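S.K.: Please read through the structure below; I'll follow up with questions.
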Amino acid sequence: MEANQVNDQVIKQLLQSKKYKELVDAATQMGLVKLYQKMKYDGIIYSIGQIVQLSIDGNRDKKIYGKLIGFCNLQVDEYLIPMIKVQKYINKLELPQKLKELQEGISEFELFQSEIEEWLFCTQIDHEIKLISIKEYEEMTIQNERTYFTRADYNVEKDKFTPPISKWTRICICNQISNPDKSYIQCDRCSKWLHYECAGVQAQLAQDMNFYCAMCRKK
């Protein structure tokens, strides 16, 4: 079997097994990869550093998020396959089961940068997203479905948040981690924020009443 045929067979086997890192590494050694700083896909030019939402295995309901850190064209036979390298962001559904107690305090629009790097097909890109701080997110007046926030990184291998959970802002008399998805009411005297359910207040009445928390009512 000729060297080119062996190369093609190796590349095709790695493609079929979805071992994309090994695929790009092998193709690079064979001189079949060309790297780029930008890539145009579906009429949009993407650059290093952008953060994007991606679909997995053709499933538009299964999403992951990542920062673009590399682009390449990989040659297979006479075809060029455009690929992207991403540094993955973890959402609440991807956190370990043992962290379930955190779920109520973590937003659906919260992402944690991880150390994981992956090669994927550029066709998996859905669109760019905007990533801001939790403070900026809390100050937004109108929620945008393409805007996410972050307050910590998460190292998957070490199972470690930076900054640690102990440093995250907590809120209300229940001392729960602050979650911008939740609804709160502010005490008109001490200015503390409480969940509606913890304050014993119905959401539909909250806008039309003066509210004093239990501690302030005792004073």
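The values are calculated or read from the model by the stated rules, or taken from the named source; none is laboratory data. All of these numbers come straight from a predicted model, not from anything done at the bench. A quick note on method: Cβ atoms are made from the backbone with ideal geometry, for glycine too, and the neighbour counts reach across all protein chains shown. Calculation scope for accessible area: heavy atoms of the full protein, side chains included, ligands and nucleic acids excluded. Shrake-Rupley method; radii C 1.70, N 1.55, O 1.52, S 1.80 Å.
S.K.: Round to the nearest 0.05 the FRET efficiency obtained for Glu108 and Glu78 when R0 = 45 Å and r is the Cβ-Cβ distance.
M.R.: Working: r = 44 Å, r/R0 = 0.98.
Calculated transfer efficiency: 0.55.
S.K.: Using a/c under 1.5 as the rounded threshold, could you call region 124-219 rounded, prolate or oblate? The axes a ≥ b ≥ c are square roots of the C-alpha gyration tensor eigenvalues, and prolate needs a/b larger than b/c, oblate otherwise. Mind dumping the intermediate values first?
M.R.: On the way: a/c = 3.09, a/b = 1.66, b/c = 1.87.
Oblate, because a/c is 1.5 or more while a/b does not exceed b/c.
S.K.: Quick check: the angle from helix 20-29's long axis to the longest principal axis of the chain, C-alpha only, nearest 10 degrees?
M.R.: Helix 20-29 and the main axis of the chain meet at about 40 degrees.
S.K.: Separate question: In region 135-181, which trypsin sites (Lys or Arg not before Pro) fall in coil by DSSP and have 14 or fewer other Cβ atoms within 10 Å? It would help to have the intermediate numbers written out before the result.
M.R.: Working: sites: Lys135, Arg146, Arg151, Lys158, Lys160, Lys167, Arg170; in loops: Arg146, Arg151, Lys158.
When the trypsin sites (Lys or Arg not before Pro) of region 135-181 are filtered for loop state and at most 14 Cβ neighbours within 10 Å, Arg146, Lys158 remain.
S.K.: Probe of 1.4 angstrom, ligands and nucleic acids ignored: what's the accessible area per residue over region 68-131, in square angstrom?
M.R.: Here the residues of region 68-131 average 45 Å² of exposed surface.
S.K.: Could you tell me whether region 13-99 comes out rounded, prolate or oblate from its Cα gyration tensor? Rule is a ≥ b ≥ c as square roots of the eigenvalues, rounded for a/c under 1.5, then prolate if a/b exceeds b/c, otherwise oblate.
M.R.: Here region 13-99 falls in the prolate category.
S.K.: While we're here: What full-extension length gain, to one decimal in nm, is calculated for Asn155 and Met215 as 0.36 nm per residue of separation minus the Cα-Cα distance? Show your work: numbers first, answer last.
M.R.: On the way: separation 60, 0.36 × 60 = 21.60 nm, distance 3.96 nm.
Extending this stretch completely gives an extra 17.6 nm.
S.K.: Here is a follow-up. What is the list of residues in region 147-171 whose amide nitrogen lies under 14 Å from a point 7 angstrom out from the Cα of Ile132, following Cα to Cβ?
M.R.: The answer is 147-151.
S.K.: So how do 67-77, 172-182 stack up, highest first, on mean other-Cβ count within 10 Å?
M.R.: 67-77, 172-182
S.K.: Within the chain, what's the longest run with no GluC sites (Glu not before Pro) in a DSSP loop and at most 14 other beta-carbon atoms within 10 Å? Give the range, please.
M.R.: Between the exposed loop sites, the longest stretch runs 3-77.
S.K.: Taking a 1.4 Å probe, which of Cys213, Cys190 shows the most accessible area, and what order do the others take after it?
M.R.: Cys190, Cys213
S.K.: Follow-up question, since we're still on this one. Taking the Cα centre of the chain as origin and charging only Cβ (+1 Lys, Arg; -1 Asp, Glu), how large is the dipole, in debye to the nearest 20? Spell out each step's value before the answer.
M.R.: Details: 30 positive and 30 negative charges, 195 e Å.
The calculated dipole for the chain is roughly 940 debye.
S.K.: Moving to a separate point now. Can you match Cα extents along the principal axes in Å to one of these, (1) 51, 35, 34; (2) 88, 37, 26; (3) 82, 42, 34, based on a calculation from the structure here?
M.R.: Entry (2).
S.K.: Set the Förster distance to 22 Å, then compute FRET efficiency between Cys198 and Leu99 from the Cβ-Cβ distance, nearest 0.05.
M.R.: 0.50
S.K.: At 7 Å along Cα-to-Cβ for each site, give me the label-to-label distance between Lys167 and Glu139 in nm.
M.R.: Spacing of the two 7 Å Cα→Cβ label points: 2.1 nm.
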